[in-house]
Amino acid sequence: MNGETLYSIGDLARRTGLTVKAIRFYADTGIVPPTDRTPAGYRRYGTDAVARLELVRTLRELGIDLATIRKVMDREVSLTDVAATHAEALDVQIRVLRQRRAVLTAVARRGSTPQETDLMHKLARLSEAERHCLIDDFLGAVFDGLRDHPAFAAVVRSLTPELPGDPEPEQIEAWVELAELLRDHDFRTTLHGTAQDLAADRAPDDAGGLPRILADAVRVQVAPALEAGVEPDSPAAEPIVAALAAHYARILGCPASHDPRTLYRRLAARLEQMNDPRRDHYLSLLAVVNGWPAPGSLAPVLTWSTAAFRTRIPRR
């Protein structure tokens, strides 16, 4: 035909590495039809058939279905659009596979039971919207009634887990534990009470944080004493107790002459309330999920501070 070189189906098989059966199939489906036939009925293909077959093989290896390949060959759709669509679909599949790998790795690491494995799988595959719903429900319950507080938005941000799209196994494991805490009714009730009480312990003109301002003050004052081996009931602890009491009095808007018995008892109760091991666990898991540095535990300084105030509550 006009001097064009034509190839037999065997020639194409040798040039492309495809089997004769595969080439015949692509011809029969109209994806790479023959250019001509010999008088005996044998198929002959033009030089462009080699390029078309190479493209078909590439697209099939990339997972694109035959119907779409035919549309590309017939120029009904552009290869660019097809590639973009399939790339997006592969992104989703890759995220799902990585998530499954992370779950299986966590299961192997923890030696999980079938029930735990099922729960881990269900929690890990929650959609982003479902995760946010679970988180919002938890934080909404904890900070119910405090939305107008000036520190509300910042505190909520600091407590919100954000599982990445491509989590590591330890992030999946941490998220599963965190999700179980989010659903713990007693934990959310306890945190709600703590948040309410700490928010109430504020002078009317104070725009500081919810629990953070007290927790930070305790950490700064007490951590050096712990490192130095100061006992909470020792005379060396007196300046620390006095400084924390004065700080708390300022939070309350109380005069310096406020009844120390009432002040010490109230502060000791707040510190005990804050010293919930689940709170430290939540913050540790949160750091893993969000990829943040591991937080230091407040438990030692809270325990020391509580003991220091309890031993100094004046008796009647």
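The values are calculated or read from the model by the stated rules, or taken from the named source; none is laboratory data. Just so we're clear, the structure is a prediction, and the values are computed from it rather than from any experiment. With ideal geometry, Cβ positions are generated from the backbone for all residues, glycine too; neighbour counts draw on all protein chains shown. Calculation scope for accessible area: heavy atoms of the full protein, side chains included, ligands and nucleic acids excluded. Shrake-Rupley method; radii C 1.70, N 1.55, O 1.52, S 1.80 Å.
Results, tabulated for the structure shown:
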item: Filter result (open to solvent by 70 Å² or more (accessible area, probe 1.4 Å) and part of a helix (DSSP H, G or I)) within segment 153-169; result: Arg157
item: Filter pass, Glu180 being touching a Ser or Thr at 6+ places or on another chain (Cβ under 9 Å), at pLDDT below 90 and over 21 Å from Gly296 (Cβ atoms); result: no
item: Selection count, segment 19-35, where residues are open to solvent by 30 Å² or more (accessible area, probe 1.4 Å) and in contact with a Phe, Trp or Tyr (Cβ under 8 Å, 6 or more places away or on another chain); result: 2
item: Filter result for the condition that a residue is of a type in the set (Lys, Arg) and at pLDDT below 70, over Arg125, Arg110; result: Arg110
item: Members of segment 203-228 found to be modelled with pLDDT under 85 and crowded, with 20+ Cβ neighbours inside 10 Å, listed by number; result: Gly209, Leu210, Pro211, Leu214
item: Residues satisfying the stated conditions in segment 3-18, i.e. part of a helix (DSSP H, G or I) and open to solvent by less than 60 Å² (accessible area, probe 1.4 Å); result: Ile9, Gly10, Asp11, Leu12, Ala13, Thr16
